[in-house]
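The values are calculated or read from the model by the stated rules, or taken from the named source; none is laboratory data. Note that the structure is a prediction, hence the values are computed from the model and not measured. Neighbour counts run over all protein chains shown; Cβ positions are idealised from the backbone, glycine included.
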Amino acid sequence: MDLATLFLNGAIGAFQPHNFLILITGLMVGTIAGALPGISFVNAMAMALPFTYVMEPVTAMCFLGGIYVGGVFGGSISSILINIPGTPASLPACWDGYPMTTKGLSTRALRIAITASATGGFFSAVMLAVASPPFAAFALRFDQPEFFAATILGLASVVAIAKDLPVLSALSMFMGLLIGTVGIDPMYGIPRFTFGVSEVQSGINFTVVMIGLFAIGEVVDLLVRNVDLKKKFTPVPGKQINWGELWGLRNSIMRGTGLGCMIGMIPGAGATVGAVLAYGVERQASGRGAEFGTGVEQALAAPEAAKNATTGAAMIPLLTLGIPGSAATAIMLAAMLIHGIAPGPLLFRMDPTLVYTIFVSMMVANLLMIFAAVLVARGFSTLMRVPPAILGAFIIVLSVIGAYGVRNNIFDVYVCLVFGVLGFIMKRANFPSAPLVLGVILGPLAERYFLTSLANYDDNFWIFVQRPISGTILALAAMFVLWSLYPVIRSRFGRGAGAKKAPIGPQ
C-alpha cells in the first residue's frame with residue numbers, strides 16, 4: 001500500500017463524524033485545562049483515560065491527541081494575559097508575551113503565539129507521518145548518557161535567559177537543583193534533606209513549586225500594587241498584527257519548529273526543554289538579544305513554535321519503539337495497551353490505518369487549534385474586567401485545588417503557599433525565579449540519567465564524552481554557555497580597556 005493510499009485511509013478515519021467531534025471535544029478540553037492556572041492538561045488526560053474504555057481505539061486516540069495538542073498551547077494563554085504559566089512549557093511565554101500585554105498588545109501577542117504554535121505543531125505532525133522510521137532508528141542510538149547530555153543542554157539555557165543577571169540566574173538555578181534533591185535518593189533509597197519530615201520523602205513536585213512561585217506570587221504582587229487590570233490590559237487600537245508581519249517572523253518560527261522536533265524526539269526531554277532552548281537560541285540568532293524580556297515578538301514566536309513542535313515528535317518513539325517521550329504520551333501508551341494495541345515497528349504492518357489516522361488527526365488538531373485557542377482566549381480576556389481582588393481570590397483557590405490535585409496531598413498545598421510567599425519576595429527583590437523552576441524540573445532528570453549512566457557503564461565518568469552523540473550534545477551545551485557569556489565578557493573588558501585609554505581631564 002503506497003503512502004498516498006495510507007494517508008487517504010487515515011483521513012477517512014479521522015473525518016468520521018464521531019471521531020472528528022471527539023477530536024474537537026478533546027481539543028477544547030485540553031486548551032481550557034492548559035489555560036487554567038493550577039490545572040494541568042496531563043491531569044486532564046489522566047482523568048479522561050477511563051472514558052476511553054468505551055471508545056473504539058481510533059476514537060480514543062483522537063480524543064487524547066486533541067487534549068494533548070490543545071493543552072500544550074493552552075498554558076500560553078494565561079502566561080500572556082496574566083503572567084501565570086498554565087504549564088511548565090509555557091514559562092517562556094511569560095517573559096515576552098506578558099510585557100506585550102502590559103503595553104496593550106495582548107491580542108497581537110496571542111495571535112503570534114497561536115500562529116507559531118499551530119505552525120510548529122502542524123509541521124511536527126507532518127514529520128511524524130513521513131519521517132518516523134528513520135527517526136526511530138536514530139532514537140535507538142540514545143541511551144542514558146545521551147538523555148543526561150540533553151538535560152544538561154536544557155540547564156545550560158539558563159544562561160541564555162539570564163539577560164543582565166547571569167550570577168543571580170545561576171544562583172536561582174542552583175537553588176532549584178537543591179530543591180530537586182529533596183526526598184528519597186533514586187539509586188540507593190536514602191532520604192535526603194527531609195529533616196525527619198515524612199511528607200517530604202516523596203520529593204517536592206515541580207508543578208507545586210511553579211504554581212506557588214508564579215500563580216500565588218503573581219497574585220499577591222498584583223494585589224499589593226493595586227493594579228487596574230481593565231486599564232492596563234486594554235488592547236491598543238491599530239496595533240493588530242497582519243499576515244505580512246506574521247510572515248516576517250517566519251525565521252523565528254521555523255528555528256523553533258526545527259529545534260522542537262529534535263528535542264521532542266528525545267524521550268524525557270519534552271516541551272519544556274524545547275521551549276527554553278528555543279528561547280535561548282533565538283536570543284542569539286535574532287540579533288535583538290539585549291531586548292529580550294521587554295516584549296520582543298521573535299522571543300515569543302520561537303518557543304511557542306518549539307513547544308508545540310514537540311507534540312508530534314514525541315509520538316515518534318511511542319509509535320515506533322513503544323517508548324513514551326513525555327507524561328502525555330505515557331497516558332496515550334496506556335490507552336493503546338488498554339485496547340490491546342502494542343506500539344512498535346509491527347504496528348505499521350498490522351494496523352496501518354490506525355497509525356495514519358493518528359497522523360492525520362494530529363495534523364487536523366493543530367489546524368483546528370487556531371479556532372479553539374481564539375475562543376478560549378476571548379473567554380480569558382473577559383477576566384481582565386473582573387476586579388483584581390475577585391480575580392486574585394479565584395486564581396488562589398484554583399491554584400490551591402491544583403496543588404492538592406497533583407498528588408492528592410495536603411502537604412503540597414502548604415509547600416505551594418510557602419513558594420507563593422517566596423515568589424512574591426523574589427519578584428520584589430528582582431531575583432529571577434524562572435531558573436529556579438527549571439532547576440527543579442530538570443535537576444532530578446539529570447541526576448537520574450547521570451546515576452543510571454554510571455551504573456550501566458561501570459562508573460566510567462568518561463562515557464559521557466566517549467559516546468559521539470552525548471559528547472556532541474555536551475560540547476554544544478558548553479558552546480551555548482560561552483556564546484551567551486561572550487557579550488557580557490566583551491562589554492566588561494571593553495569598558496575596562498576604554499577606561500585605560502580615556503584621556504584625563506574635561507573633553
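Side notes on the structure shown:
- Residue 321 vs. criteria at pLDDT below 80 and touching a helix residue (DSSP H, G or I) at 6+ places or on another chain (Cβ under 7 Å): yes
- Restricting attention to the range 448-464, the residues that are of a type in the set (Ser, Thr, Tyr) and either in contact with a His (Cβ under 8 Å, 6 or more places away or on another chain) or more than 12 Å from residue 147 (Cβ to Cβ) (or both) add up to 1.
- Looking only at the range 49-63, and only at residues there that are assigned to a helix (DSSP H, G or I) and hydrophobic (A, V, I, L, M, F, W, C), the one that is surrounded by the most Cβ atoms within 10 Å (Cβ to Cβ): 62
- Residue in the range 157-192 that is nearest to residue 94 (Cα to Cα), counting only those that are at pLDDT below 85 and of a type in the set (Val, Ile, Thr): 161
- Lone qualifier among 450, 424, 431 - being more than 20 Å from the chain's Cα centre (by Cα), at pLDDT 80 or above, closer than 23 Å to residue 185 by Cα and surrounded by 17 or more Cβ atoms within 10 Å (Cβ to Cβ): 450
Residue-wise test of (1) without any contact (Cβ under 8 Å) to a residue 24 or more places away in the chain; (2) β-branched (Val, Ile, Thr); (3) assigned to a helix (DSSP H, G or I).
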residue: 259; (1), (2), (3): no, no, yes
residue: 263; (1), (2), (3): no, yes, yes
residue: 271; (1), (2), (3): no, no, yes
residue: 274; (1), (2), (3): no, no, yes
residue: 277; (1), (2), (3): no, no, yes
residue: 281; (1), (2), (3): no, yes, yes
residue: 284; (1), (2), (3): no, no, yes
residue: 294; (1), (2), (3): no, yes, no
residue: 298; (1), (2), (3): no, no, yes
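- Annotation: of all residues in the range 366-389 being touching a Phe, Trp or Tyr at 6+ places or on another chain (Cβ under 8 Å) and at pLDDT 75 or above, the one that is nearest to residue 109 (Cα to Cα) is 373.
- Any chance residue 315 is on the phi < 0 side of the Ramachandran plot and either surrounded by fewer than 19 Cβ atoms within 10 Å (Cβ to Cβ) or in contact with an Asp or Glu (Cβ under 7 Å, 6 or more places away or on another chain) (or both): no
- Residue list for the range 346-368, filter: under 16 Å from residue 31 (Cβ atoms) and either surrounded by fewer than 24 Cβ atoms within 10 Å (Cβ to Cβ) or among the hydrophobic types (A, V, I, L, M, F, W, C) (or both): 362, 364, 365, 367, 368
- Residue 85 being out of contact with any Asp or Glu (no Cβ under 8 Å at 6 or more places or on another chain), of a type outside the set (Ser, Thr, Tyr) and assigned to a loop (DSSP other than H, G, I, E, B): yes
- Condition met for residue 74 (without any contact (Cβ under 8 Å) to a residue 60 or more places away in the chain, touching a Gly at 6+ places or on another chain (Cβ under 6 Å) and assigned to a helix (DSSP H, G or I)): no
- Filter result for residue 309 (in contact (Cβ under 8 Å) with a residue 60 or more places away in the chain, crowded, with 24+ Cβ neighbours inside 10 Å and in contact with an Asp or Glu (Cβ under 6 Å, 6 or more places away or on another chain)): no
- Residue that is farthest from the chain's Cα centre (by Cα) [pool: residues in the range 168-188 that are over 18 Å from residue 429 (Cβ atoms) and not aliphatic (A, V, I, L, M)]: 188
- Filter result for residue 335 (assigned to a helix (DSSP H, G or I), at pLDDT 80 or above and under 25 Å from residue 75 (Cβ atoms)): yes
Yes/no per residue for (1) outside any helix (DSSP H, G or I); (2) modelled with pLDDT of 85 or more:
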site	(1), (2)
104	yes, no
121	no, yes
128	no, no
136	no, no
147	no, no
155	no, no
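- Considering the conditions (1) surrounded by fewer than 24 Cβ atoms within 10 Å (Cβ to Cβ); (2) within 16 Å of residue 305 (Cα to Cα), residue 93 is excluded by exactly one of them, (1).
- Qualifying residue in the range 203-221 (condition: touching a Ser or Thr at 6+ places or on another chain (Cβ under 6 Å) and either surrounded by fewer than 22 Cβ atoms within 10 Å (Cβ to Cβ) or of a type in the set (D, E, K, R) (or both)): no
- Checking each residue of the range 6-22 against the condition of being of a type in the set (Gly, Ala, Ser), under 21 Å from residue 271 (Cα atoms) and either buried (at least 17 other Cβ atoms within 10 Å of the Cβ) or modelled with pLDDT of 80 or more (or both) gives no match.
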